[in-house]
Structures are given as C-alpha cells and as structure tokens.
Amino acid sequence: MKTARLKEWTYEEFMSLPEGGPFRTEIIDGELCMTPSPNTRHQEISLILSLAIGNWLGKSPSGKLFIAPYDVVFSKDPLQVAEPDLIFVSKEHLSIITEKNIQGSPDLLVEILSPSTESSDRRVKHSLYERFGVLEYWIVDPESQTLQVFRLVDGRYPAPLEYGKSDLLESPLFPGLSLALSEVFPS
C-alpha cells in the first residue's frame, strides 16, 4: 500500500478528491493511502459474501449492507477514513449513514486480503477498527482460504475465531445465517 503524509488532511479536502479513479483512497492516522483496484478473486469473494448477507437481510431486515467503494469516516479531527470491502450497519445505528458516506462505527467491517493490502488490513486497520469500537471485523484470506473473526470484548479484539473452507460461519449480527465457507472459497 502506498502512503503519503505530505500534510494533515481535512475532511473537506478529502471530499474534494476525484471520485472513481483507479485507486482506492483512505486516510488513516494522517496518511493518504492509495491502492489499486482489487483482483478478480477478491471481487468474486466480495460478491459471494455480499449476496449471502444481502439475501439474509432480505428475509431478516436488521440493517443495511454496503460494498466498496464506500467511505467510513471514523473521525474528522484528526481525519480517519477507511474504505472496507463490506460494511454492515444495524438498525440501531442507521443514523450514522449519510448521503455521502458513513460517519461513525459500523457493526461489521470486512476486509478481503490482497497482496498490496494485507499488511495494512492485519495491522493498521485492525488497530483503527478496534480503536473506534467496530463490533466485528472479518479478515478474509483468499490464499489460505480462511476467515478470521475479531469480536470486540471490553473495547479490545481478543484472539480471533478462525474458520477454514470446511467450516460454517455464524455471527450474532445475523442470527440464523450459516455461511458455508466452501461456497466463499470455491475450488
């Protein structure tokens, strides 16, 4: 991930950046982070997860699901903006959704690892999401075909629950949804 800390960014400056460019743009701890668009496998996994959760939400409307590109603004001073792959906001927190982005901490954030983002997703974003109280954070690793679930306990993420290709993933955020990881990581 390329970063640039030329200055402290303001929310207004961030919002003035051009939309739809070839890079995903985030500002974390004052650094402008730009990464290229994800690869095909990443996008396939994102689609599978969003369809599974989206279909469940169609039957059990308990919140809203968003997919990248969509900004999550955790703080405006100092500016902290991330662009997770999937974002879930429960009914109880819908007030954080604005016309342009999410302003606050969603209930679930999902990052699907790419070679250019793995270090940031595992360290920088893990720390950011924990600091701002994201209830669940999933790290999906296409290479090892694993999914790690970090659930906030007393303001911290303890060791993750780790799921493999033969496991079923269940989350208290989606009661009754059993996600077969064999479908997330098809051969």
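The values are calculated or read from the model by the stated rules, or taken from the named source; none is laboratory data. If you're wondering where the values come from, they're calculated on a predicted model, not measured in any experiment. Positions of Cβ are backbone-derived with ideal geometry, glycine not excepted, and every protein chain shown enters the neighbour counts.
Checking each residue in segment 92-107 for being of a type outside the set (D, E) and over 17 Å from Q80 (Cα atoms) picks out H93, L94, S95. Against the list (1) of a type in the set (A, V, I, L, M, F, W, C); (2) crowded, with 20+ Cβ neighbours inside 10 Å; (3) under 25 Å from L147 (Cβ atoms), the condition V73 fails is (3). Annotation for segment 145-165: no member residue is assigned to a helix (DSSP H, G or I) and within 15 Å of the chain's Cα centre (by Cα).
A single entry from P106, P84, P142 fulfils the requirement of being crowded, with 21+ Cβ neighbours inside 10 Å and either basic (K, R) or closer than 16 Å to I48 by Cα (or both): P84. For first residues located in segment 27-47 and more than 17 Å from L113 (Cβ to Cβ), partners that are in a helix (DSSP H, G or I) and not hydrophobic (A, V, I, L, M, F, W, C) and lie 6+ apart or on another chain with Cβ distances below 7 Å do not occur. Remark: pairs (first residue in segment 7-18, more than 12 Å from V73 (Cβ to Cβ); second residue surrounded by 10 or more Cβ atoms within 10 Å (Cβ to Cβ) and among the β-branched types (V, I, T); Cβ separation under 7 Å; 6+ apart in sequence or on different chains) = L17/T25. Residues in segment 4-24: is at least one at pLDDT 80 or above, in a loop (DSSP other than H, G, I, E, B) and not small (G, A, S)? Within segment 4-24, not a single residue is at pLDDT 80 or above, in a loop (DSSP other than H, G, I, E, B) and not small (G, A, S).
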